[in-house]
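Engineer: Take this structure first; my questions come after.
The values are calculated or read from the model by the stated rules, or taken from the named source; none is laboratory data. Keep in mind it's a predicted model, so treat the numbers as computed, not measured. No Cβ is skipped: glycine too gets one built from the backbone with ideal geometry, and neighbour counts run over all protein chains shown. Accessible surface is based on the protein model in full, side chains and every heavy atom, while ligands, DNA and RNA are left aside. Shrake-Rupley method; radii C 1.70, N 1.55, O 1.52, S 1.80 Å.
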Amino acid sequence: MAAPVRRGRSAEGRAEVRGDLVRAALTLFTEHGYDDTTVDDITAAAGVGRRTFFRYFRGKEDAVSPDHETCLARVDAVFAAAHETEPLAPLVLRAADPVFDLYLGSPAEASARFALTRNVAALRDREAASVDTYRRLFGRRLRERLADRPDGELAAAVTAAAIVAAHNMALRSWLVDGARPEARDACRAGFRRVETMLPVTPAAAPDDLAVIATRLELAAARLERVAARD
């Protein structure tokens with residue numbers, strides 16, 4: 001008879017331990033404040049030791065983050081498995097699905113994380129850094145697929161920025177609206193509206209890209225103004 005697998009040794013066990021730590025951190029940061037919560041507080045609440053905590057996180061500012069490492073690997077796997085002739089617009093939308101799964105799969109955690117990141121600069125900075133990691137991954141994969149186009153590098157950069165901006169706007173709207181589970185499909189549908197704006201069809205011209213880039217800059221500026229008001 002095989003010996004039982006210790007908690008944290010299997011993939012499922014590691015996900016369980018990580019989830020317990022995240023939920024403990026979210027609860028403690030919400031109830032006692034970020035500054036007044038220590039790593040020892042989090043590990044005690046999760047029932048693990050300090051060494052276990054640092055196997056998953058570099059510091060407490062990382063402890064409320066969803067599992068971006070696994071999600072990035074899934075996004076990358078979508079690009080890696082896609083046929084070279086698959087149209088790029090549907091491909092990038094499909095590659096974004098794991099990101100939505102990461103947030104929409106746990107509405108209560110997403111809502112608590114959203115409230116904390118709005119009020120704690122360290123958590124907000126960490127979330128912004130993770131967003132940029134996704135943008136760079138999309139950009140790299142798109143540059144590979146657009147290498148034969150003279151405007152490929154620009155098209156890749158604009159498309160990656162558009163995907164990340166559309167994801168952020170859709171997810172933010174869902175969170176502001178209360179992170180209702182029944183609104184998750186509408187959140188995804190709102191994101192998919194970006195498909196017609198992506199400059200990744202063969203007919204896209206450099207002038208079109210400049211116009212799209214300007215539109216994206218204006219949309220980003222509007223989003224920043226809304227965030228500042230909140």
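Engineer: Here are some conditions: (1) of a type in the set (Ser, Thr, Tyr); (2) in a loop (DSSP other than H, G, I, E, B); (3) surrounded by 18 or more Cβ atoms within 10 Å (Cβ to Cβ). THR85 meets all but one. Which one does it not meet?
Structural biologist: Going through the list (1) of a type in the set (Ser, Thr, Tyr); (2) in a loop (DSSP other than H, G, I, E, B); (3) surrounded by 18 or more Cβ atoms within 10 Å (Cβ to Cβ), THR85 breaks only (3).
Engineer: Separate question: Return the residues of the range 15-38 that are β-branched (Val, Ile, Thr) and within 24 Å of the chain's Cα centre (by Cα); say none if nothing qualifies.
Structural biologist: Quick first cut of the range 15-38, residues β-branched (Val, Ile, Thr) only: 17, 22, 27, 30, 37-38.
Residues satisfying the conditions are VAL17, VAL22, THR27, THR30.
Engineer: Between residues in the range 162-190 that are in contact (Cβ under 8 Å) with a residue 24 or more places away in the chain and over 20 Å from ARG135 (Cα atoms) and residues that are among the small types (Gly, Ala, Ser) and surrounded by fewer than 20 Cβ atoms within 10 Å (Cβ to Cβ), which pairs lie under 7 Å by C-beta distance while being six or more apart or on different chains?
Structural biologist: Close Cβ pairs satisfying both conditions: TRP174/ALA183; LEU175/ALA110; LEU175/SER111; ALA179/ALA110; ALA179/SER111.
Engineer: PRO199 is checked against (1) open to solvent by 30 Å² or more (accessible area, probe 1.4 Å); (2) modelled with pLDDT under 90; (3) not charged (D, E, K, R) and fails just one. What number does that condition carry?
Structural biologist: For PRO199, the exception is condition (1).
Engineer: Restricting to the range 78-96, name every residue that is among the charged types (D, E, K, R) and touching a residue at least 24 places away in the same chain (Cβ under 8 Å).
Structural biologist: Here is the first cut: in the range 78-96, the residues among the charged types (D, E, K, R) are 84, 86, 94.
The answer is GLU84, and nothing else.
Engineer: Given ARG149, ARG145, ARG140, ARG124, which one is out of contact with any helix residue (DSSP H, G or I) (no Cβ under 7 Å at 6 or more places or on another chain), open to solvent by 20 Å² or more (accessible area, probe 1.4 Å) and of a type in the set (Lys, Arg)? I'd like the intermediate steps shown before the answer.
Structural biologist: Working: ARG149 fails: out of contact with any helix residue (DSSP H, G or I) (no Cβ under 7 Å at 6 or more places or on another chain); ARG145 fails: out of contact with any helix residue (DSSP H, G or I) (no Cβ under 7 Å at 6 or more places or on another chain); ARG124 fails: out of contact with any helix residue (DSSP H, G or I) (no Cβ under 7 Å at 6 or more places or on another chain).
Testing whether each residue is out of contact with any helix residue (DSSP H, G or I) (no Cβ under 7 Å at 6 or more places or on another chain), open to solvent by 20 Å² or more (accessible area, probe 1.4 Å) and of a type in the set (Lys, Arg) leaves just ARG140.
Engineer: Going by the structure shown, is ALA80 open to solvent by 50 Å² or more (accessible area, probe 1.4 Å) and more than 24 Å from ASP125 (Cα to Cα)? Talk me through it step by step, then tell me what you get.
Structural biologist: Values: open to solvent by 50 Å² or more (accessible area, probe 1.4 Å): yes; more than 24 Å from ASP125 (Cα to Cα): yes.
Yes, satisfied.
Engineer: Could you tell me which numbered condition PHE138 fails, if it satisfies all but one of (1) at pLDDT below 95; (2) within 19 Å of PRO66 (Cβ to Cβ)?
Structural biologist: Here PHE138 meets the rest and fails (1).
Engineer: Separate question: Return yes when ARG74 is open to solvent by 60 Å² or more (accessible area, probe 1.4 Å), under 21 Å from ARG143 (Cα atoms), touching a Pro at 6+ places or on another chain (Cβ under 9 Å) and of a type in the set (Lys, Arg) and no when it is not.
Structural biologist: Working: open to solvent by 60 Å² or more (accessible area, probe 1.4 Å): yes; under 21 Å from ARG143 (Cα atoms): yes; touching a Pro at 6+ places or on another chain (Cβ under 9 Å): yes; of a type in the set (Lys, Arg): yes.
So ARG74 fits the description; yes.
Engineer: Of the residues that sit in the range 18-40 and are of a type in the set (Asp, Glu) and assigned to a helix (DSSP H, G or I), which one is least open to solvent (accessible area, probe 1.4 Å)? Give the derivation first.
Structural biologist: Initially, the range 18-40 is screened for residues of a type in the set (Asp, Glu), giving 20, 31, 35-36, 40.
Those still in the list that are assigned to a helix (DSSP H, G or I) too: 20, 31, 40.
Numbers: ASP20: 42, GLU31: 127, ASP40: 78 Å².
Restricting to residues being of a type in the set (Asp, Glu) and assigned to a helix (DSSP H, G or I), the top hit is ASP20.
Engineer: What is the residue count in the range 142-188 for residues that are in a loop (DSSP other than H, G, I, E, B) and either within 27 Å of THR214 (Cβ to Cβ) or modelled with pLDDT of 95 or more (or both)?
Structural biologist: Within the range 142-188, the subset in a loop (DSSP other than H, G, I, E, B) is 146-151, 177-180.
Next cut, either within 27 Å of THR214 (Cβ to Cβ) or modelled with pLDDT of 95 or more (or both) only: 146-151.
Qualifying residue count, the range 142-188: 6.
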